[in-house]
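These notes are about the structure you will find just below.
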Ligand code: ADP
Ligand code: NI
């Protein structure tokens, strides 16, 4: 099988697997991450098959929707790629990208366990995935996820809390606006590549402008006094 046939087969597999996925984690998320990956990869010296497969398979079985099971995604990807007779070395790299590209792994840098794996290919996919969490799309995805979890849009009496544990967070019913301060606004400083940084800066500013407008609309009398 040629590399482009492998990518084509993977696209079919991912579309089928994600056909009932929640709106922020559906095939279109994967397609956007794939496109961001191609854009960033143009400027980087990376293995194109590895970044393509990493982007396509990175959310194949998100732990959030699978009882926190983090091994399911890499396992599914491995089995699938084995069925296409993709070389073992490539499969290993791709499953490592799936394991280590998640926000949690990235955001807990330093605090949690030391990173066990990194590569230029991982950095490219991670940037591509992070870009899809910020800017206009990022805003849309956050509110979609909040709706899925039945969270309030905003609640001035619940301030953002950067120290909350995952368990506390689940119980807290934190409003979606808090997510901007707890995660989305922090992402631009976590970008790995030059292209990723440049695109993130523009999307970051868009979120800042959005928040400003949001507060103005929330309290229209505030600046009239
Ligand atoms: P990905 O699966 O793309 O690596 P995540 O699973 O962490 O990233 O999050 C997926 C999307 O859901 C992102 O756009 C993220 O901002 C959003 N999201 C995750 N947790 C929350 C939350 N508590 N409130 C609002 N949006 C969230
Ligand atoms: Ni993703």
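Of the residues 70, 44, the single one that is assigned to a loop (DSSP other than H, G, I, E, B), closer than 30 Å to residue 197 by Cβ and within 16 Å of ligand 2 (Cβ to nearest atom) is 70.
The listed residues are 171, 183, and the only one of them that is closer than 22 Å to residue 150 by Cβ and in contact (Cβ under 8 Å) with a residue 60 or more places away in the chain turns out to be 183. Output the residue which, of all residues in segment 9-25 that are surrounded by fewer than 16 Cβ atoms within 10 Å (Cβ to Cβ) and modelled with pLDDT under 95, is nearest to ligand 2 (Cβ to nearest atom). So the residue we want is 23. Meeting the requirement of 1 or more residues that are in contact with a strand residue (DSSP E or B) (Cβ under 6 Å, 6 or more places away or on another chain), more than 21 Å from residue 30 (Cα to Cα) and within 12 Å of ligand 1 (Cβ to nearest atom), no helices (runs of 4 or more DSSP H) wholly within segment 131-211 can be named. Take the conditions (1) more than 12 Å from ligand 1 (Cβ to nearest atom); (2) in contact with a helix residue (DSSP H, G or I) (Cβ under 7 Å, 6 or more places away or on another chain); residue 9 misses just one of them, which is (2).
Taking segment 47-65 as the range and being more than 12 Å from ligand 2 (Cβ to nearest atom) and crowded, with 21+ Cβ neighbours inside 10 Å as the test, the residues that pass are 50, 51, 52, 53.
The values are calculated or read from the model by the stated rules, or taken from the named source; none is laboratory data. Source: prediction; values computed, not measured. Neighbour counts are summed over all protein chains in view; Cβ atoms, including those assigned to glycine, are modelled from backbone coordinates with ideal geometry.
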